[in-house]
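Derivation of every value follows stated rules applied to the coordinates shown; laboratory data play no part. Nothing here was measured: the structure is a model prediction, and the numbers come from that model. All Cβ positions, glycine included, derive from the backbone under ideal geometry; neighbour counts span all protein chains shown.
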Amino acid sequence: MNIILILIIFLFFGNSISKLIPSETDCLYNLIVLSKNANTFKLRNDSNWGYYCEDYPNNFKCSDDKGLLTSLTMNGASVIKIDSNNLNCFQKENLIFNLSLFSLDNNFFFQGNNFKNYSFELNNCIIQSISNPIKNIDSLTISTNNLLQIALNASIPVSSLIELTSFTLLNNLPSGELYYFYTNDLSSTSSKSRIKSIDSVTRNIPSLTYVDSVESVNLYFTSGVKNDLSNLTSYLNVKTLQLNGGSSGLSYTFPSDSIKSLTNLNTLILNNIQFTKPTDGSIDLSTMTSLKSITIVNPGLFSTDAIKALPMKSLKSFSITQCSIKSGYPIPGIFNKANSVIESISITSCGMPDNLDIVLPLPKSLRYLELTNNPLKGTISNQFCTLQTLKLPNSILINGILPSCFSCHFKNNVILKSNLNLAIGVINIQNCTNLIANLKIDSILNRTIIYGSDLGFDTSYFTTTPSTNDWIVDIPSNQFYRNSVDINTFTFNFIYPSISMTLSTSGPVVTSVYVSNVGLLTIKGTGFSYSISGTIYTILNDQYCQIRSTTFDTIICQLFAYTNITKTKIDATSVLKITGQPDYIFNVTYLPDFTNYYLTCNQNCTGKGFCDRNSGECICNCHNKGSCDIRNKVCKCFTFWLGDQCIIPDHYVSSVVASNILGGNVTLKGWYGDDHVNPSVFIGGLECTPIYEIGYSSIKCLIGPGSGVKSVTVIQNGHSWAGQNIYLYNNTLLNCPNDCTNSTMGICDQRIGQCNCLKSNFIGPDCSIEVVQQPPKSNTTVDTGTGSTDLNNDKTKYTIKIKKLLELDFNNNPVNTIDLFENNWNFKKINSTSNNNNNNNNSNNLYIFNKIVPLKCNITYIIEEVENDKEFTFADITFKVTSGSIKLTVEINNYTYISGLNTLQLQMESSVGLTKNEDGTINGQQCDIANIENIDTENSALNYVTITKDGTVLYGRFINRALSDHRPTFITSQIVEKNISSITVGLNLPHCIDCIIDPDFSILVQNKEFKSDCKSGNSDDNERVWFLPVVIVVPVVSATIIVILSLVVYTKYRRALRLKLQSLMDPKTIKMNDLN
């Protein structure tokens, strides 16, 4: 180990010992002796020659590997004359010589010097002239402080310089000036030039015609300079141009035409030259698309007013000092252009008398702004926050509110860094409340980016944990980045005002959500944002939660539609969106005073329910037939299911095929599931037994003799379902109303209980109404807003409307009411040609209404005017509907039941009154007397209602059957409310998915005189009696209605479950076709 260490030390230090080879030592020794420096640079003893570089490192540099001299610095003891032979003995190419107080031979620079591309820095050396091409020299720098050491009034031909790469001629005189000037003696046949840089005092601007290699020119004008800048047009390939006037007092017209031709120029510096405006009064340099920097120093009375356009797509720096600005600051008009890339602007000592806001708006790319030594005043705007450095006059008094981007970083009223220098006057320093930081990844640029507001003006304004020193300013105050993505979480410590923020690029993670009683959410986790505007919280993409505050680990937001949300958003999908981060999607149960947790279960919950994220336990084994009540950890079964695990069928009966009064077979259609434990059926007080067939859609059993309407109870799996008044024992022969008056008036069709009238002038339910042979024509008016129908005849008006839809519990108490008589129907009218079970085509007007009521229940309401007589067949019964009748259809889809035992009741109202005249007045007087009677015609398939007034009769007819799930079944109705001019009837529907009922009605004009009981007035109308006998045929086994009515009920309860008529009936899906 020690041997290796010694070897390493030897190799390291041994190689660093710079010893010249003998030939180099001899050459250097001879030069030392010639320059009379032997006492200055002493040799070691004879055995240790060649250690000049080690002994005198400030004067000699050696190559470590070959023992050759690489640079030499030496002063002559007196003016010593040397020639090229004293130097060409050194072997190293590109050797650098720094010589002072030597006199150079006349041919020192020229052909035959055998130099090896040396570079010379000559200080106060005697040079006779530069008149021939300089050979074998790479770089030549000449500086002097003695006029006697260089020829006066000499000219330097450009041809002598073209084989150099760099030429410098400096004037170090304490007084007086050099008088060199340049002449261009080149032609198109001259050798190709390689000179890159010219830095020289001069009496003229040299022409660079045929010199296309020069990239940098720095000229110092002396007195007596030729007042001509036209040669600048030959500087086509020059990238950096600096013109210095010195103390020459030169004055030029600004050479805008010459300069703007230099399309390759990157940097322009004009120093101490007195400029005046061009003859046209404006300076336009916008075509110089390579120009990046302009510096103008002490241009005299020159003003930026003359600058009209600059190349803002390329210009990054503009500086002018000791000028005269007359009309205002040029930034808004010149620098604030689209696509501007300007980064630095300095305008100092130019007499700007304006308010500070004259500089606004600032270019977006600007980072440095200096306006010192100008008599400015005003207020600092927030727009200055994007500057990395702002330098204002020391005397400026800044009043008002200082932007927080500055005041956030004050310590004892002094900003942390020197980017802002100003004298604070009456100023309001705000609390640092707007410092916001966020972290994101730019995967394309492979960058980690911190962005926000009031972050500081450079990376010294904050430290990070873990500590890194590679942050770069992108936008001061707003954005910094580092070219790495190896760390995803940082804590940023902002030095003043001592604020720490933890930020992460790994995205948000939610660990809990607390829902308060007023809908205020407290969301805990990691990776959140500090920016309220950059945070969005939504529920099912339709409900926003307004962010109140947000930090790295806590978000607080307010749900304003909280009441509606708690009814429908149980374990709802929620989305947390944070700018620059992927969306975080998770479920939240929105229950009052409830905390959602996001835990995992230690056991496999397969077959045991699902893993409750709030407790980490398996809960709610609902067998995909229910949802979980998260708070109580129990199943909430879907429609048609019951029990703790939702595996018990919630059966029901939708239609009945009844026996006759002698008893016999009974078929109960409905849904009963696949499990039938201990089934039994009761009809009234009798058990229907035996049950000889039972399946998921049908039960068949035998019942004993009976009559009338009965309730039905079905029990299985320990669960009982009951339907009130849904069973009617069938009679073989049915009765007709009033026995058709007598045998001469009509014949009873005992199959259906309908009178066939024998006399053409007597019609009606019992053939007792004598009608006028040519009565006044009735007309129908439909209100397209409310859906009510008016039937008008002479002065009498009958009105029919659907009023309410009620959900009734088992005890017939309403648990939900929907008002249908509202002016919010969607309406359209069409003419329909129908052929319903007859051979006559009929063209009828159809009025179609539609609305959606709460819980997405869709109700369609159709009024049809029957223009011609036609026959209908409904529920196996055929009957005729006369012309002038109307038919009403109501379809209810997707109603959601609260309980499986509940039913619906549709309420309809019919009323009678007077028509109006054309001027809107009432036609006649209202002196009506109403008489409403109930007539029990239980043993009939047809039932009627008649309303008589002023010689007209409105009568309705319907069958006490409905189609329930496409099968005939029995229905009932009841009178809900009545008074002297109206009656409301409730239709009780079976528990079905699809129900249809089908009555009709028409107006008859009686051949009968009426006398009025009204005493006022003398007109004939006042002598007539307004009489309203109302005969209502409402048996307990029938429904009363005054229109043709078809009703479709689409049932749902507890949880919405769409039942399709064509789907297969099983524990998950029910097809009603399978119920037949």
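A compact globular protein would have a Cα radius of gyration near 2.2 N^0.38 Å; the ratio found for segment 58-122 is 1.11. Counting Lys and Arg as +1 and Asp and Glu as -1, what is the net charge of the other residues whose Cβ lies under 13 Å from the Cβ of Asn30? Summing Lys and Arg as +1 and Asp and Glu as -1 gives -2. Listing Trp671, Trp49, Trp825 from fewest to most neighbouring C-beta atoms within 10 Å gives Trp49, Trp825, Trp671. For segment 648-728, what class follows from the C-alpha gyration tensor (a ≥ b ≥ c being the square roots of its eigenvalues): rounded when a/c is under 1.5, otherwise prolate if a/b is larger than b/c, else oblate? Cα axes put segment 648-728 in the prolate bin.
What number, in percent, do you get for the relative contact order of segment 436-504 if the mean sequence gap of Cα pairs under 8 Å and at least 6 apart is divided by its residue count?
On the way: 138 pairs, mean separation 22.2, N = 69.
The value is 32 percent.
Remark: Lys313, Lys260 ranked as Lys313, Lys260, counting other beta-carbon atoms within 10 Å and listing the fewest first. Using the Cα coordinates of segment 468-562, the gyration tensor eigenvalues translate into equivalent-ellipsoid semi-axes of 30, 14, 13 Å, sorted from longest to shortest.
Taking 32 Å as the cut-off for C-alpha to C-alpha distance, list the pairs among Lys803/Lys880; Lys795/Lys978; Lys19/Lys81; Lys625/Lys803; Lys239/Lys364 that go past it. Long pairs (Cα-Cα over 32 Å): Lys625/Lys803. Here is the P(r) of segment 283-393: all C-alpha pair distances, binned every 5 Å from 0, give 2, 12, 24, 27, 21, 10, 2, 0 in whole percents. Segment 601-692 gives an Rg/Rh value of 1.21, both radii derived from C-alpha positions and Rh following Kirkwood.
Hydrodynamic radius of segment 643-797 by the Kirkwood approach over all distinct alpha-carbon pairs: 19.6 Å. Put a dot 7 Å past the Cα of Ser484, heading toward its Cβ, do the same for Leu360, and the two dots end up 4.0 nm apart.
Expressed as cubic angstrom per residue, what is the convex hull volume of the alpha carbon set of segment 436-504?
Taking the convex hull of the Cα positions in segment 436-504, it is 72 Å³ per residue.
Listed by Cβ neighbour count within 10 Å, with the fewest neighbours leading, Val681, Val666 appear as Val666, Val681. Label reach from Lys608 (point 7 Å along Cα→C-beta): in segment 630-662, amide nitrogens under 18 Å belong to 633-635, 645. Shape annotation for segment 203-310: C-alpha extents along the principal axes are 35, 33, 21 Å, from largest to smallest. Kirkwood radius and radius of gyration were both taken over the C-alpha atoms of segment 509-597, and their ratio Rg/Rh is 0.92.
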